[in-house]
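This report refers to the structure that appears directly beneath it.
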């Protein structure tokens, strides 16, 4: 299992816990919106990701559409976290 798979699994576990879903039921194409995660839940997810990976996520809850991170699907969140962990901009 590669580093990206480990990162993806850790991100999926965070998303699933917040959405009260089984991680096995989430795919890269699962939309964050379909998980029923509200803005407060999204903030909690971002804090959990920052803590889990010791990174800073460039996101402003007041203007989420202007954020430098794509939070539309499980896959885009995984990809953004992987880039941040690797030291590249989201």
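The values are calculated or read from the model by the stated rules, or taken from the named source; none is laboratory data. Please read all numbers here as calculations on a predicted model, not as lab measurements. Quick reminder, even Gly has a Cβ in these numbers, built from the backbone with ideal geometry, and neighbours come from all protein chains shown.
Going through (1) in contact with a strand residue (DSSP E or B) (Cβ under 7 Å, 6 or more places away or on another chain); (2) in a helix (DSSP H, G or I) one by one, residue 43 falls short only on (1). Answer yes if at least one residue in region 46-63 is modelled with pLDDT of 75 or more, out of contact with any helix residue (DSSP H, G or I) (no Cβ under 7 Å at 6 or more places or on another chain) and under 17 Å from residue 31 (Cα atoms), and no otherwise. Within region 46-63, one or more residues are modelled with pLDDT of 75 or more, out of contact with any helix residue (DSSP H, G or I) (no Cβ under 7 Å at 6 or more places or on another chain) and under 17 Å from residue 31 (Cα atoms).
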